[in-house]
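Some notes on the structure that comes next.
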Amino acid sequence: MRTWRPRPPVVLVVDDDPDILRLLGMCLEAEGCEVRETMSPGAALERLDRVDVVVVDQRMPEMNGTDFIEAARSRGYDCRFLVISGKRGARAEAAQAGAEGFLAKPIGMRDLIGEVERLFYLGFAPPSHVGTPRAPTSSAPSSKSSS
């Protein structure tokens, strides 16, 4: 099991295939993630509170993955999205919708864990202004008088 810092990621898996849903969930749980699973994108929209990474299938009957991302963003959720798909052209669609990650099916479990880890730690990146050089300050030399 992986050691996560500062805490284990909360990962929501959304896939209409129950076998894939459970397989992805088991893999993530084995690596120490807190996993939520749902087959319904509509239900997933109601379960996004305190979620770090969403793993979402692109092709689902109720709502596709890119539409799900757009709906989540329009509701103000700021989690990271990893789209999974076997569909040709899905990578470009995912990127256009604002997904931070993409994996083509069939998915290797190492690839899944690696992407979830990368996306989780993106959420802890310092703001862009941190670490930038500060404007120079003028400091007049101090004059000490000797008595």
Which ³J(HN,Hα) values in Hz, rounded to whole numbers, follow from the phi angles of segment 43-57 under the Karplus curve 6.51 cos²θ - 1.76 cosθ + 1.60, where θ = phi - 60° and Gly and Pro get x? 5, 4, 4, 8, 10, 8, 4, 6, 9, 8, 9, 10, 9, 10, 6
Working out 0.36 nm times the residue gap between GLU117 and MET26, then minus their Cα-Cα distance, what length gain in nm do you get to one decimal? 31.2 nm
May I ask you to evaluate 6.51 cos²θ - 1.76 cosθ + 1.60, the Karplus curve with θ = phi - 60°, for each residue of segment 58-68 and list the ³J(HN,Hα) values in order in whole Hz, giving x for glycine and proline? 6, 9, 9, x, 6, 6, 7, x, 5, 5, 4
When the dipole is taken about the Cα centre of segment 9-120, and only Lys, Arg (+1) and Asp, Glu (-1) are charged at their Cβ, what size is it in debye, to the nearest 20? 300
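All of the numbers you see were taken from the coordinates with simple rules; none came from a lab. Just so you know, these numbers come straight off a predicted model, no measurement behind them. Backbone-built Cβ (ideal geometry, glycine too); neighbour counts: all protein chains shown.
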